[in-house]
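These notes concern the structure reproduced below.
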Amino acid sequence: MFDPDIAPSGTLLGLLQRGRGDGTLHALAAPRAEALAALHHCLLRDPRRDWQVENRSLYYARLCLDLDAGLDAIDRHLFSADDSLDTGEERTGLALAVLGHLASYGREDALLLLRRYAISGANWAWALDELALRDDDAGLLGLGESILARFPAGPEGERALAAAVRDAFEPRPWRLWADEAQSPATAARVRAAQEQGSFDRWQRQLRPSGPRPGWSVREVLDWAQEGLALHPVQHRHVPATRLLNAVAGPEDRVEIIEAAAFGTGAARATALRYLAEHDDPQALDVIEAAVADPADAGGLVAEAAVTAFERMRGTAALERARAWIHRTDALGGAAAGMLASRGAPYDAPLVLGALRRTVRAEGPDAPVLWDLVPGAGRLGITCAAPVLRHIYRETSSSHLRGRTARALAATDPSFATGFAVECLWDCEETTRELAAHHATTADARVVEQLRRLAADPAEEDDVQTAVRSRFGPETAV
């Protein structure tokens with residue numbers, strides 16, 4: 001995850017970077033050169049806060065089609081000198097995914113560009129996955145020898161090939177290349193790589209590392225702590241907690257409480273999580289002490305304590321959350337999130353106060369908003385609508401914007417005629433689905449877009465089901 005440079009929300013570039021529906025609508029109304037410049041900026045400099053979970057590719061691909069955009073800029077980006085220097089997936093992944101969608105819409109130039117990059121590009125595996133979904137057998141078979149040429153003959157090359165085959169997200173190309181009848185030039189090496197991958201998995205199962213049956217509580221805590229001394233560091237407190245659940249009994253409670261109160265590092269984090277998961281009466285007190293411990297230089301224990309509190313489900317945790325919600329540290333944020341997720345209707349003023357305070361102090365991308373925003377909708381806090389509208393406009397996270405849209409649908413009477421309309425063009429499928437249920441059909445743009453979504457083969461099934469629910473059985477979509 002990284003923090004990209006996001007333009008102001010009122011600009012065309014800022015709208016497109018956020019993936020907002022208004023971005024598409026403004027781009028289609030802007031001069032074509034200006035719209036293309038903003039689109040290319042997004043394609044070549046991925047604007048997502050978390051590129052692994054946020055959607056943009058279909059959103060940008062549809063805009064490429066609407067603007068009749070060429071692929072020269074993407075071509076230069078993929079095959080620039082940076083491709084050999086910066087081989088991270090985040091540099092080229094978005095552009096490759098957009099090409100994949102364009103290929104599914106019938107853009108032959110996008111398909112050819114993907115094939116070229118799969119042969120010579122650094123992020124070739126991503127390009128191959130896109131081709132596995134969109135290319136025909138003949139096209140994939142034509143790539144086999146070029147892909148295998150990436151792995152030189154010899155032990156290292158064969159190990160790398162086996163790893164590539166084993167870790168492939170889409171296995172279809174490798175299955176084609178392993179078929180002697182269709183690809184005799186590659187079949188032997190690919191089949192050997194497939195067998196090696198299966199053998200490697202079998203060997204790992206025969207030689208498991210880590211804890212063994214019969215360990216004591218002390219041995220589990222020591223194993224967790226030993227991970228901090230390794231290079232690279234291994235944070236073992238989460239699996240160690242699962243081990244404690246298996247080996248600890250009532251007679252070990254005092255030892256675990258002492259470790260949670262006076263231990264260090266991963267051992268203390270393990271004990272804290274264990275006590276929280278069992279709703280131990282001492283858990284809340286040791287969590288509060290751990291968060292304020294000045295000896296926790298790296299923050300591992302404090303972070304584990306906050307996470308442990310978030311996992312608690314008892315009424316005692318809710319009562320403590322009401323007392324902690326006014327804190328300005330991470331524990332206060334966790335308390336606010338807990339009340340937003342599980343609080344009673346009379347907690348609405350506390351949640352609203354935390355929502356307003358968080359936006360003022362930390363801005364529209366604060367992590368705790370992921371709980372506070374849905375909480376405002378769950379509790380039906382209608383007076384939260386103004387701050388929710390602000391978050392919707394300003395957040396750079398398309399996932400948080402989707403949560404905000406859902407909260408607005410529950411709190412803002414103007415949602416159906418306002419934000420729900422632009423949400424039909426949003427980059428996130430769940431947001432488009434929400435809009436398909438709520439957007440007013442009195443707006444001609446809504447009816448036209450609903451019909452487009454219903455007919456688009458690239459649209460998700462849930463969105464199309466929501467679209468069809470807006471039309472009667474005798475209504476032509």
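Tell me which residues, restricted to segment 72-102, are among the aliphatic types (A, V, I, L, M), open to solvent by 10 Å² or more (accessible area, probe 1.4 Å) and closer than 24 Å to P457 by Cα. Break it down into steps so the answer makes sense when it comes.
Our first condition is that a residue be among the aliphatic types (A, V, I, L, M); within segment 72-102, this holds for 73-74, 78, 81, 85, 94-99, 102.
In the following step, the residues that additionally are open to solvent by 10 Å² or more (accessible area, probe 1.4 Å) were identified as 73, 81, 85, 97.
Across segment 72-102, the qualifying residue is only A97.
If the condition is being under 19 Å from G227 (Cα atoms), open to solvent by less than 70 Å² (accessible area, probe 1.4 Å) and hydrophobic (A, V, I, L, M, F, W, C), then segment 258-298 contributes A259, A260, A266, A267, A269, A271, L272.
Among the residues examined, T431 qualifies as part of a helix (DSSP H, G or I) and β-branched (V, I, T). Could you tell me whether segment 405-416 includes any residue that is out of contact with any Asp or Glu (no Cβ under 6 Å at 6 or more places or on another chain), within 18 Å of Y59 (Cα to Cα), outside any helix (DSSP H, G or I) and modelled with pLDDT of 95 or more? No, segment 405-416 contains no residue that is out of contact with any Asp or Glu (no Cβ under 6 Å at 6 or more places or on another chain), within 18 Å of Y59 (Cα to Cα), outside any helix (DSSP H, G or I) and modelled with pLDDT of 95 or more.
Tallying residues that are in contact with a helix residue (DSSP H, G or I) (Cβ under 8 Å, 6 or more places away or on another chain) and either of a type in the set (S, T, N, Q) or exposed (fewer than 15 other Cβ atoms within 10 Å of the Cβ) (or both) within segment 239-257 yields 2.
Can you tell me which residues in segment 134-170 are open to solvent by less than 50 Å² (accessible area, probe 1.4 Å), under 23 Å from G100 (Cβ atoms) and not hydrophobic (A, V, I, L, M, F, W, C)? Don't jump to the end; show me each part of the working.
Looking only at segment 134-170, we keep the residues that are open to solvent by less than 50 Å² (accessible area, probe 1.4 Å), and these are 135, 139-141, 143-144, 146-148, 151, 154, 157, 160-165, 168, 170.
Pick out the ones that are also under 23 Å from G100 (Cβ atoms) and you get 135, 139-141, 143-144, 146-148, 164-165, 168, 170.
Residues satisfying the conditions are D135, G139, G144, S146, E170.
Would you check if there is a residue in segment 173-182 being among the aliphatic types (A, V, I, L, M), in contact with an Asp or Glu (Cβ under 7 Å, 6 or more places away or on another chain) and surrounded by 15 or more Cβ atoms within 10 Å (Cβ to Cβ)? Among the residues of segment 173-182, at least one is among the aliphatic types (A, V, I, L, M), in contact with an Asp or Glu (Cβ under 7 Å, 6 or more places away or on another chain) and surrounded by 15 or more Cβ atoms within 10 Å (Cβ to Cβ), which makes the answer yes. Of the helices (runs of 4 or more DSSP H) contained entirely in segment 91-157, those carrying at least 3 residues that are closer than 30 Å to C427 by Cα fall at 108-120, 124-134. For segment 58-84, the set of residues classified as touching a residue at least 24 places away in the same chain (Cβ under 8 Å) and over 15 Å from R107 (Cα atoms) consists of Y59, A73, H77, L78, F79, D83, S84, listed by residue number.
Out of segment 59-68, which residues are hydrophobic (A, V, I, L, M, F, W, C) and either surrounded by 21 or more Cβ atoms within 10 Å (Cβ to Cβ) or modelled with pLDDT under 95 (or both)? Give the steps one after another, and end with the answer.
To start, the set of residues in segment 59-68 that are hydrophobic (A, V, I, L, M, F, W, C) comprises 61, 63-65, 67.
Those that are hydrophobic (A, V, I, L, M, F, W, C) and either surrounded by 21 or more Cβ atoms within 10 Å (Cβ to Cβ) or modelled with pLDDT under 95 (or both): A61, L63, C64.
Looking only at residues of segment 225-238 that are modelled with pLDDT under 90 and open to solvent by less than 40 Å² (accessible area, probe 1.4 Å), we find that the one that is nearest to D285 (Cα to Cα) is R236. On inspection, A266 passes the criterion of being under 30 Å from the mean Cα position of the chain (by Cα) and over 18 Å from R320 (Cβ atoms).
The values are calculated or read from the model by the stated rules, or taken from the named source; none is laboratory data. Model, not experiment: these values are computed from the prediction. All Cβ positions, even for glycine, are placed from backbone atoms using ideal geometry, and neighbour counts span all protein chains on display. Areas reflect the complete protein model, heavy atoms only, side chains present, ligands, DNA and RNA absent. Shrake-Rupley method; radii C 1.70, N 1.55, O 1.52, S 1.80 Å.
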